[in-house]
Amino acid sequence: MNNTEPRTIKIFDTTLRDGEQSPGASMNIEEKLRLAKQLQKLNVDVIEAGFPIASEGDFEAVKKVAQNIKGPEIAGLCRSGFKDIDRAWEALKYAEEKGRIHTFIATSDIHMKYKLQMTPAQVLESAVKGVKRARSYTANVEFSCEDAVRTDLKFLAEVVGAVIDAGASVVNIPDTVGYTIPFEYFNIIKYLKDNVKNIDDAIISVHCHNDLGLSVANSIAAVQAGAGQVECTINGIGERAGNCSLEEFVMAIRTRGDILPFKTNVVTDQLTPASRLLTQVTGIVVQQNKAIVGANAFAHEAGIHQHGMLMEKSTYEIMTPESVGLKSSALVLGKHSGRHAFKKRLEELGHELDDEALNKAFTRFKALADLKKEVFDEDLDAIVLDEAKNIEEKYKLSHITVTCGSFAVATATVQMEIDGMQVRAAELGDGPVDATMKAIKKLTKRDVKLLQYNVGAITGGTDAIGEVTVRITEEDRTPVVGRGSSTDIIEASAKAYIDALNRLYFATDRDLETL
Ligand code: KIV
Ligand code: ZN
């Protein structure tokens, strides 16, 4: 048993920035704000909301999060050039003293030589100038040495010392390429603690990628060596194999408090809602056996385990499902429920809709309650997500009729509104979904490629709402994800496809290469 007073580790969530760099995870401004509100409920310490200079959309998202989220600090990423930093502050200034400029430059030989084509002296100068420029706006400045793990240790220590002297209050030591292992990462952090004279004037942050599946273990090792902030994402999404998973890190710290003398401020029963919301927004489904938030994380299959669980839950459960916010579906509303009860329940679930979106959602709810006797919280989440998407719509689904069966060639007749005009087409296909997508493609005259198609039921029962997510691309554009839900999965598929087409049509691809 450890009797040391636990040290609080700050949780810096980068789901909306590094997480968004996952292929297909791009989110629009409303979606980012919705997630930011959930991160606020989770009580993370910092929300990195985007990379303001990367695109107009990123800029607006950071600005909107800075304007609307109270509690956590709001960070925006920028390279160490002045143009990037000035643009980041333009968006972050709305968070006032809670706005954090997060500036970075790569420090490893390989990045300096091939990517930046700069000498170490030039990199050092750029880092220091960047931090000073950021300090001219705010005292809340984080500096990251990109690819720190592959950086010469002496040079790393020199840069860290210099940026702290220049005014950085947080210094991040990222494992950008997911290369390190716990023992090595511990030693890097320890080396900086022992060799940088002003190291105690800043918080050491760590940011681990998961290329070798070690990001959570590495983050824990870093904290043991003295790091005070961990950068992570919901469901571990992020560039390539992703980032350190927020829920795994937080629950490891909480569950093993006996040997890890640390704590976080995270409200852990908001972890499952956060994971689900991210899946709904991005269409990226977590694997069934994913720790903490996977569908099987608290399922016990073997008879011997079930027997143990019935006798005493702690035989096979090291944390309770309730502690991570896993609840069985609660029946909330039925077809006789009125608008007032509907609105109140939505508010309890954290959905604040304007009058127009509320009216649309209520109409959807009534139609659903007619089809389904029982309407669950998850159904309401799906309705709200569908109705409050707030994306521009060039294409709209008007009607769809499908015939199919084991003796029939599947046929779909789709009527759509395109730029205000009603148009209709029928197509044959290899099954009803294929026929539907072909009819939509014909009507929209778009040469898109379907990269991924997923269908899932939101609650149990054959009358459950089906939720479809699709990922599409066109030529070499950044792929987008579309979603649709309905008790009819063919209609849900059509809606998801059309949603993706609208997103592709209005998307502004990032101006910068991905980091
Ligand atoms: O992985 C990385 O190095 C980053 C930095 C920009 C913090 O995402
Ligand atoms: Zn990263």
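The values are calculated or read from the model by the stated rules, or taken from the named source; none is laboratory data. Please read all numbers here as calculations on a predicted model, not as lab measurements. Positions of Cβ are generated from backbone atoms using ideal geometry, with glycine treated the same way; all protein chains shown enter the neighbour counts.
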Within the range 261-288, track down each residue that is free of Cβ contacts under 8 Å to residues at least 60 places away in the same chain and in contact with a helix residue (DSSP H, G or I) (Cβ under 8 Å, 6 or more places away or on another chain).
Thr268, Asp269, Thr272, Ser275, Thr279, Val286
Return yes when Lys438 is of a type in the set (Lys, Arg) and in contact (Cβ under 8 Å) with a residue 40 or more places away in the chain and no when it is not.
no
The condition of being among the β-branched types (Val, Ile, Thr), more than 30 Å from the chain's Cα centre (by Cα) and farther than 17 Å from Glu239 by Cα holds, among Val159, Val163, only for Val159
Unique match (being within 14 Å of ligand 2 (Cβ to nearest atom) and modelled with pLDDT of 95 or more) among Tyr185, Tyr179, Tyr191:
Tyr179
Residues of the range 465-488 being of a type in the set (A, V, I, L, M) and free of Cβ contacts under 8 Å to residues at least 40 places away in the same chain, which ones?
Val468, Ile472
Examine the range 144-163 for a residue that is crowded, with 24+ Cβ neighbours inside 10 Å, under 19 Å from Gly76 (Cα atoms), more than 16 Å from ligand 2 (Cβ to nearest atom) and not hydrophobic (A, V, I, L, M, F, W, C), and state whether such a residue exists.
no
Could you give every pair whose Cβ atoms fall below 9 Å, whose first residue belongs to the range 84-111 and is free of Cβ contacts under 8 Å to residues at least 12 places away in the same chain, and whose second residue is of a type in the set (Gly, Ala, Ser) and assigned to a helix (DSSP H, G or I), counting only separations of at least 6 or pairs across chains?
Glu96/Ala66
Test of understanding: among Ser80, Ser55, which residue is in the same structural domain as Val141 (by TED's automatic domain parsing) and modelled with pLDDT of 95 or more?
Ser80
Going by the conditions given, is Glu322 within 28 Å of Ala382 (Cα to Cα) and either modelled with pLDDT under 90 or in contact with a helix residue (DSSP H, G or I) (Cβ under 9 Å, 6 or more places away or on another chain) (or both)?
yes
With the structure loaded, tell me whether Glu96 is assigned by TED's automatic domain parsing to the domain that holds Ala36, surrounded by fewer than 20 Cβ atoms within 10 Å (Cβ to Cβ), charged (D, E, K, R) and away from ligand 1 (no atom under 14 Å from the Cβ) or whether it fails that test.
yes
Can you tell me which of (1) among the β-branched types (Val, Ile, Thr); (2) over 17 Å from Gly228 (Cα atoms); (3) within 16 Å of ligand 1 (Cβ to nearest atom); (4) in contact with a helix residue (DSSP H, G or I) (Cβ under 7 Å, 6 or more places away or on another chain) is the one Val128 doesn't meet?
(3)
Among the residues of the range 234-244, is any in contact (Cβ under 8 Å) with a residue 24 or more places away in the chain, within 16 Å of ligand 2 (Cβ to nearest atom) and of a type in the set (Val, Ile, Thr)?
yes
Selection status of Asp211, in the same structural domain as His102 (by TED's automatic domain parsing), acidic (Asp, Glu), surrounded by fewer than 24 Cβ atoms within 10 Å (Cβ to Cβ) and within 16 Å of ligand 2 (Cβ to nearest atom)
yes
State all residues of the range 72-86 that are more than 16 Å from ligand 1 (Cβ to nearest atom) and either of a type in the set (S, T, N, Q) or surrounded by fewer than 22 Cβ atoms within 10 Å (Cβ to Cβ) (or both); if no residue qualifies, say none.
Phe82, Lys83, Asp86
Take the residues of the range 214-241 that are outside any helix (DSSP H, G or I) and aliphatic (A, V, I, L, M): which is surrounded by the fewest Cβ atoms within 10 Å (Cβ to Cβ)?
Ala241
Listing of strands (runs of 3 or more DSSP E) fully contained in the range 41-109 that carry 2 or more residues being in contact with a Cys (Cβ under 7 Å, 6 or more places away or on another chain) and on the phi < 0 side of the Ramachandran plot
99-106
Within the range 242-284, how many residues turn out to be in a loop (DSSP other than H, G, I, E, B) and either surrounded by fewer than 17 Cβ atoms within 10 Å (Cβ to Cβ) or of a type in the set (D, E, K, R) (or both)?
7
Selected residue (criterion: nearest to Val286 (Cα to Cα)) from residues of the range 437-446 that are touching a strand residue (DSSP E or B) at 6+ places or on another chain (Cβ under 6 Å) and of a type in the set (D, E, K, R)
Lys438
All positions within the range 164-173 that are within 16 Å of ligand 2 (Cβ to nearest atom) and either free of Cβ contacts under 8 Å to residues at least 40 places away in the same chain or in a helix (DSSP H, G or I) (or both)
Val171
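Residue-wise test of (1) within 12 Å of ligand 1 (Cβ to nearest atom); (2) more than 27 Å from Ser22 (Cα to Cα).
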position	(1), (2)
Tyr185	no, no
Asp201	no, yes
Leu214	no, no
Ala227	no, no
Glu231	yes, no
Glu239	yes, no
Ser245	no, no
Quick check on the range 1-22: of everything there that is of a type outside the set (Gly, Ala, Ser), assigned to a loop (DSSP other than H, G, I, E, B) and buried (at least 17 other Cβ atoms within 10 Å of the Cβ), which residue is farthest from ligand 1 (Cβ to nearest atom)?
Ile9
Among the residues of the range 23-51 satisfying the criterion of being within 14 Å of ligand 1 (Cβ to nearest atom) and touching an Asp or Glu at 6+ places or on another chain (Cβ under 6 Å), which is farthest from Arg87 (Cα to Cα)?
Val46
